[in-house]
Amino acid sequence: MRFDVVTLFPEMVQDCAVNGVTGRAIKQGLVDLSVWNPRDYSVDRHKTVDDRPYGGGPGMVMKYQPLKDAVDQARQSVDVKQVKVVYLSPQGKPIKQQLLNECTDLDQLILIAGRYEGVDERFIEDECHEEWSLGDFVISGGELAALVVIDAVSRLLPGVLGDEESAKQDSHMNGLLDCPHYTRPEVVNNKVVPDVLLSGNHKGIALWRMKQSLGRTYQKRPDLLLDKELTAQQQALLEEFKIELKCK
Ligand code: 4HQ
């Protein structure tokens, strides 16, 4: 899969993506990352990429033309079928695991990272398929949001994670929060590791983990349970969790 980021800070995106899981995916050729700087497509002698907002007010707005030419270059750089252009902004659709799972079918994802007050509205309307948000808060530019998307999508691509680190077990992949994890030593601050995890009983361990996932979701993110159909076994496990909670 190929990612293209349109950004005034290409080094910020490249330097970050070369590390860890995304960096390994790029080295293995499972992921391609290219960056496109609108400044390289500015036509005036000052290399202007922004201008004052019509109607007045503070800040600057990114101009249509340098952005349009940068996206066109990103599109033309490869001949692929499934392409999506996404603008990252707080006005966008909140990014959820489901949205990112759907991206794994794409050949090319072009991410537009805005700066300042944002980009000319006509660029969003005419050149972007979708607008996505990291959440209800403001960051200084779309680069960090683009990096989040690249990381979260890359780890879902075949071959990127080893069997050991498989994405299937992660929080949110099944609509639930992850279970607690423990490693050596057995005792920390007088707290022992739950017995079942030392038992070697793999079925018992899987049931305990599912119960904890359900219980933690119920305690920390009850909203997630509203959009989820639980199996009869999961309902029973969650009831057990609630009873055990009252006994504590
Ligand atoms: N910004 N999710 C404003 C964000 C943001 C978000 C990016 C700030 C775009 C123009 N991006 N610029 N929240 O706050 O994605």
Taking square-rooted eigenvalues a ≥ b ≥ c of the alpha carbon gyration tensor, is the stretch 158-248 rounded, prolate or oblate, where a/c under 1.5 means rounded and, failing that, a/b exceeding b/c means prolate?
oblate
Share of Cα-Cα pairs in the stretch 67-141 beyond 18 Å, in percent?
41
As a test of reading the structure, rank 140, 166, 154 by solvent-accessible area (1.4 Å probe, protein chains only), most first.
140, 166, 154
For the stretch 213-227 and the stretch 1-33, what is the separation of their Cα centres, given in Å?
34
Report the accessible area of residue 69, computed with a 1.4 Å probe over the heavy atoms of all protein chains in place, in Å² rounded to the nearest 10.
50
Return the calculated 222 nm mean residue ellipticity for the chain, to the nearest 500 deg cm²/dmol, obtained by summing -39500 (n - 2.57) across DSSP H runs with n ≥ 4 and dividing by the residue count.
-11500 deg cm²/dmol
In the Gaussian network model of the chain, springs joining C-alpha atoms below 10 Å, which of 125, 229, 165 carries the largest mean-square fluctuation?
229
Residue-ordered couplings for the stretch 108-116, obtained by feeding phi - 60° into the Karplus form 6.51 cos²θ - 1.76 cosθ + 1.60 and rounding to whole Hz (Gly and Pro as x), are 9, 10, 9, 10, 9, 9, x, 10, 6
Report, largest value first, the span of the C-alpha coordinates of the chain along each principal axis, in whole Å.
71, 43, 38
As I understand it, the dipole of the chain uses +1 on the Cβ of Lys and Arg and -1 on the Cβ of Asp and Glu, about the Cα centre. Which of 189, 60, 176 lies farthest toward its positive end?
189
Once you've got the Cα coordinates, tell me which of 96/242; 96/168; 191/246; 191/211; 81/228 are over 23 Å apart.
96/242; 81/228
Rounded to whole Å², per residue accessible area for the chain with a 1.4 Å probe reads 61
Counting only DSSP loop positions in the stretch 1-57, the trypsin sites (Lys or Arg not before Pro) whose Cβ has at most 14 other Cβ atoms within 10 Å are 45, 47
With N residues in the stretch 116-165, what two-decimal value do you get for its Cα radius of gyration over 2.2 N^0.38 Å?
1.52
Just to make sure I understand: if all protein chains stay in place, what is the order of 228, 203 by accessible area at 1.4 Å, largest first?
203, 228
Any residue on another chain or 5+ positions along whose placed amide H is under 5 Å from the amide H of residue 34 is listed here as 3, 4, 5
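The values are calculated or read from the model by the stated rules, or taken from the named source; none is laboratory data. Only a predicted model underlies this, so the values are computations on that prediction, with no experimental measurement involved. Neighbour counts run over all protein chains shown; Cβ positions are idealised from the backbone, glycine included. Note: accessible area is taken over every heavy atom of the protein model, side chains too, but ligands, DNA and RNA are not part of it. Shrake-Rupley method; radii C 1.70, N 1.55, O 1.52, S 1.80 Å.
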